[in-house]
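What follows is a set of notes on a single structure, which appears directly below.
Each value in this text was obtained by applying a stated rule to the coordinates, not by laboratory testing. Everything numeric in this text was worked out from a predicted model, so none of it was measured. Ideal geometry is used to build each Cβ from the backbone, glycine not excepted, and the neighbour counts take in all protein chains shown.
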Amino acid sequence: MKKWGVIVILMLSKRSKNMPSDMDMNVKGTKVLAINSKNIELIIAIQLLADSKHHEFAREWANQMYDKLSADSMKTLSIIAQTCLQGMELIEFVLEGYIFDDTEKLYKTILEYDNIEFLHKITGEQIGIERIKNIINGKESLKNVVAEFPWLVRDSINPLEYSFFNTDNYKNQLVELLIEINNDIFNNKLQELKNIYQKAIEDMNIRIIKTEIKALAQEVIGKKWNIKDLQEYFFVPSYFISPHHLMIYNHKSIVIAYDMINDRNEKIKERIDIAKSLSVISDKTRLEILRHIISEPTYGKVLAAMLNLTTATISHHLDQLKAAGFINEHKEKNIKYFSANIEKVDSLLEDVKNYLYNK
C-alpha cells in the first residue's frame, strides 16, 4: 500500500527546448538523477493556481494566467482545489512513463488511461481496484471508503465523487487545463528561469556525489522517512512549488520536487526565529503587558497594579519582553520606564505574514 508524501514525492523522454540539460548519476547501483522536468512544473503550476494563497511570490504571474484561462478551466481549478494534492497527483503519470518533458505524450497518457486504473492512481493507490469497481457499481459507498482514508479529501467529498462518477469528463477537463496552462506565460517563465534551473541541477549533482542517497532525500524534504530502498531517485528543482516540497513514489522510483528559489536552511532559520519571538508573546500576561506598553510607556508598579500581579512577576515578564527586543528600558529619576519597540512588533507581524504567504 502506498501513501503520498507532501509538506502542503528508463530513460528520459525528449528534452524540452525550454528546459536546461540534466545529468545522470549512478550511485552504488541506485540510479540517482537531478533533472528538470517541464511536465512536473506544468502540473505543480496547477496546484499553485488552484490554491494561490501560499504563493504570494507568484501572484502577478498567477493573475496573468487566470486572465488566459477559459471559464471551463477556471471551474476545473475550483474542483482541483478541493482534492487531496490539488492536481499534483498527476505526477504519478509522469513518473510511471518517464514522461518528463513530452507534453503531448502526457496528455495522451491521461486520456487513454483505463478509468479504474486512473482512479486507483489519483487516490495514491489507497483504494484497491476491486473496491473502486464496487463504488462505481454502487455496491459500496464512497463516503464509507473515504472514512478509512480521510486524507483523500479536503473540505468536501464532492470533487472525489465527481472524479469517480464522471471520470471521462474529469480526464478531459484535466488535459484541457494542462493544455491551456502550457502557454506563453508559462513557457516564458521557464525560459526566464533557465539559468536558475541549471544552477539548481549543478548544485544537486554535487550533493548527490557527496551525500548518501537516503540522507540526501531526508535533507531535501526536511524530515526522516522510512521508505524501502528504491531503484531510482529523481530530484526535480521547482519554481512553482515554493515554499513546499513534494514526494511521489511507486514500487521502484521516487520524484522529489523541491523549492529551487528559497534556500531551505535559510527558511528553517527564519521559521525558528519567528517561532522564538512568537513564543515570548504567546504568554497571555506578556501579551497583555505589551499591549499596555504599546498604548503608553509605563513602569513596573503601574503594570503590577493594573494586572493585579506582584512586582516580581511583572519584572520577570518585562525581562523576557526586553530580551526578545519587544520593549525598551530607560530611567527617569531612578524609575525604570518601559516603552514599546514598535519597529520590532511591526517587523514580526510582517515576517509572519511573509513566511506564511511565501512572499
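With a 10 Å Cβ neighbour count serving as the proxy for reagent exposure, in which order, fewest first, do F165, F186, F326 appear? Write down the numbers at each step before the final one.
Details: F165 13, F186 21, F326 24.
Going from sparsest to densest Cβ surroundings: F165, F186, F326.
Could you calculate the FRET efficiency of W225 with L356 from 1/(1 + (r/R0)^6), where r is the beta carbon distance between them and R0 is 22 Å, rounded to 0.05?
0.30
At a threshold of 8 angstrom on Cα-Cα distance, excluding pairs fewer than six apart, so keeping six or more, what relative contact order does the stretch 266-356 reach in percent?
Result for the stretch 266-356 is 31 percent.
Roughly what would the spin-label model give for A312 and H251, points 7 Å off Cα along C-beta, in nm?
6.9
Take the alpha carbon gyration tensor of the chain, find the square roots of its eigenvalues, order them as a ≥ b ≥ c, and report rounded if a/c is under 1.5; if not, report prolate when a/b exceeds b/c, else oblate. Kindly include the intermediate steps, with their values, before the conclusion.
Working: a/c = 2.29, a/b = 1.87, b/c = 1.23.
Prolate, since a/c reaches 1.5 and a/b exceeds b/c.
Take the alpha carbon gyration tensor of the stretch 228-322, find the square roots of its eigenvalues, order them as a ≥ b ≥ c, and report rounded if a/c is under 1.5; if not, report prolate when a/b exceeds b/c, else oblate.
Prolate, because a/c is 1.5 or more and a/b exceeds b/c.
E270 to A147: extension gain in nm, 0.36 nm per residue of separation minus the Cα-Cα distance?
On the way: separation 123, 0.36 × 123 = 44.28 nm, distance 3.71 nm.
So the chain would gain 40.6 nm between E270 and A147.
Cut-off under 19 Å on the C-alpha distance; same-chain residues fewer than 8 positions from K333 excluded. Which aspartates and glutamates are left, in chain and number order?
K333 reaches E296.
Checking the a/c ratio against 1.5 first, then a/b against b/c, what shape does the Cα gyration tensor give for the stretch 266-356?
Because a/c hits 1.5 or more and a/b exceeds b/c, the stretch 266-356 counts as prolate.
Computed FRET efficiency, Cβ-Cβ of K199 and R131, R0 41 Å: what is it to the nearest 0.05? Spell out each step's value before the answer.
Details: r = 46 Å, r/R0 = 1.12.
Efficiency for this residue pair is about 0.35.
Is there a pair in K38/K108; K68/K105; K194/K269; K210/K269; K223/K269; K121/K252 whose C-alpha atoms are over 18 Å apart, and which pairs would that be?
K68/K105; K194/K269; K210/K269
At 222 nm, what helix-only mean residue ellipticity would the chain give, in deg cm²/dmol to the nearest 500, using -39500 (n - 2.57) for each DSSP H run of four or more? Spell out each step's value before the answer.
On the way: 18 runs with 197 residues, N = 359.
Calculated mean residue ellipticity at 222 nm is -16500 deg cm²/dmol.
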